[in-house]
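Contents: one structure, followed by commentary.
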Amino acid sequence: MIKKVPNPIDQHVGGRVRIRRVLTGMSQEKLGEALGLTFQQVQKYEKGTNRIGASRLQQIASILGVAISFFFEGLPAEAAGRIGASDEGDTSQVIEFLSTTEGLQLNKAFARIKDPKVRRRVVDLVSTLSHEDAA
């Protein structure tokens, strides 16, 4: 039996659905209820196991308060059919990080910082700390 591997675009879109859902504080159950689905189906969408149709994606975008284009932001170049280097590894690492409790907390806290100079200093601090860990 050959195991079917999810399409990278379906995985990316599903990961973006998960990020937005979690950032809004919505559970899989609540999103499922709003869509008329079970939370298991939402899980399958988020993992990219099941492909999200266009009308369903429009519904999800409306429920989560984003444009459909949000789900395609950061799409790896190769998966999008463009020629050039792919940042698929970087994108999947970002999605994986934002799926963690710490990643979400850091992202929410950072988004509350309004002063661009302070935001820049936070990025510089984290970059410096990450370089120290690598050394």
Subject >> Checklist (1) closer than 19 Å to Leu104 by Cα; (2) open to solvent by less than 50 Å² (accessible area, probe 1.4 Å) applied to Arg18, failing item >> reply: (2)
Original post:
Somewhere in region 91-104, is a residue open to solvent by 40 Å² or more (accessible area, probe 1.4 Å), within 30 Å of Leu125 (Cα to Cα), at pLDDT 80 or above and out of contact with any strand residue (DSSP E or B) (no Cβ under 9 Å at 6 or more places or on another chain)?
Top reply: yes
**OP:** Would you point out the residue of region 23-82, among those that are among the charged types (D, E, K, R) and within 19 Å of Asn7 (Cβ to Cβ), that is modelled with the lowest pLDDT?
**Re:** Arg82
Original post:
Say we look at region 1-40 and pick out the residues that are without any contact (Cβ under 8 Å) to a residue 40 or more places away in the chain and of a type in the set (D, E, K, R); which of these is nearest to Gly65 (Cα to Cα)?
Top reply: Lys30
Original post:
How about region 27-51: which of its residues are surrounded by fewer than 20 Cβ atoms within 10 Å (Cβ to Cβ) and under 14 Å from the mean Cα position of the chain (by Cα)?
Top reply: Gln43, Lys47
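The values are calculated or read from the model by the stated rules, or taken from the named source; none is laboratory data. The model shown is predicted, which means the values in this text are computed figures rather than measured ones. Ideal geometry is used to build each Cβ from the backbone, glycine not excepted, and the neighbour counts take in all protein chains shown. Only protein heavy atoms, including side chains, enter the accessible area calculation; ligands, DNA and RNA are left aside. Shrake-Rupley method; radii C 1.70, N 1.55, O 1.52, S 1.80 Å.
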